1. Step through the residues of region B:38-51 one at a time and calculate ³J(HN,Hα) from phi using the Karplus curve (6.51 cos²θ - 1.76 cosθ + 1.60, θ = phi - 60°), rounding each to whole Hz and writing x for Gly and Pro.
2. Under 5 Å between amide H atoms, partner at least 5 residues away or on a different chain: which partners does B:L31 have, H built in plane at 1.01 Å?
3. If the limit is 26 Å between Cα atoms, which of B:K58/B:K81; A:K152/B:K58; A:K143/B:K81; B:K57/B:K81 go over it?
4. Could you derive backbone 3J(HN,Hα) for region A:90-97 from the dihedral phi with the Karplus parameters 6.51, -1.76 and 1.60 (θ = phi - 60°), listing whole Hz in sequence and x where the residue is Gly or Pro?
5. Pick out, from B:A48, B:G29, B:Y4, the residue whose Cα sits farthest towards the positive end of the charge dipole of chain B, with +1 on the Cβ of Lys and Arg and -1 on the Cβ of Asp and Glu.
6. If I model a spin label at B:V71 and B:Q88 as a point 7 Å from the Cα along the Cα→Cβ vector, what separation in nanometres do I get?
7. Using the beta-carbon distance between A:S119 and A:Y92 and R0 = 41 Å, what value does 1/(1 + (r/R0)^6) give for FRET efficiency, to the nearest 0.05?
8. Taking each pair of different alpha-carbon atoms in chain B once, compute 1/r for the pair, average those values, and report the inverse of that mean as the Kirkwood hydrodynamic radius in Å to one decimal.
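The values are calculated or read from the model by the stated rules, or taken from the named source; none is laboratory data. Not measured: the values here are computed from a predicted model. A quick note on method: Cβ atoms are made from the backbone with ideal geometry, for glycine too, and the neighbour counts reach across all protein chains shown. Ligands, DNA and RNA are stripped out before the accessible areas are found, and what is left, the full protein with its side chains, is counted by its heavy atoms. Shrake-Rupley method; radii C 1.70, N 1.55, O 1.52, S 1.80 Å.
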Amino acid sequence: MGCCFSSDEDKDVGIPNASERTPLLDPGQADHIQQIQGARSGSTYSQQNQKGDEQSEFNRILRQTAINVIDVTSTESQNLEQGEMQDRATQYSNRLNMVLSGSGKSRVYRPNLPNGITSPQMTLSAPPVSLSDLQLINDFSEKLASAAREIKIEHKESLVVTFGV
Amino acid sequence: MATYGMDRVPDYLGYLVLAEDGAVISSGGELENDESTANKLNKLIHTACRIPITPDKKDVLRRMSIVVDDVIFMVTVSQHKIFVSKRQYNPQEPVST
């Protein structure tokens, strides 16, 4: 934990009496007033400096946040190199497939429909299948289903055979 | 929303146009926004497409018909889209038996 704090301390160097309760974003307005007051009194240098540090600190935080956020609305990323983006994309898809295969749903999305026909309206407008055809199909599927139910394995010879003894 | 001319099918009751992954692109009539029917038909057509019709695989599925009482669902595939038409089932010939 100590090392985590050590990196935090660097941030607060610009603010002399900073404590853990010093807000990072709130003093913007107060600084403004301070700056105006400072301009009147003339001894503004240290405050200006401090303000500059805070500004750069804000910018740094903003930049860091922008890097960490994935903006799905913009197609090109301003912070990522093209190569790095592709690396990340492959990493994400690998992870996704890993999770999908691990959760029992091994059905990774794959489009498997054929090209099909050219005019769906024509095909769908054609007269429907006739009743006799329907009856034929029903009869056959019933016969096949009953045949499949009737399949029995008859045991005739022993599975283990001894050779030449 | 484009109807893809699906409402001009004779004895039309409703229609669905689905993307390859089953998402509803367009719908109308009795099938308007009927996602549960869309999901079932999507699974059916994906299974049907894998069934070889002839051993040499020259013939491909043109139309799948599902008859439920007096209603027929006709499903076909075109340009990687699934077209479903729900029609009144009026067989043109009388029952022969």
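1. For region B:38-51, the Karplus-derived couplings read 4, 5, 5, 5, 4, 5, 4, 5, 5, 5, 4, 5, 8, 7 Hz, x marking Gly and Pro.
2. So B:L31 has HN proximity to B:Y15.
3. With Cα atoms farther than 26 Å apart: A:K152/B:K58; A:K143/B:K81.
4. 5, 4, 4, 5, 4, 4, 4, 5
5. Sorting the options by dipole projection puts first B:A48.
6. 1.4
7. Using R0 = 41 Å, I get an efficiency of 0.55.
8. In chain B this quantity evaluates to 14.2 Å.
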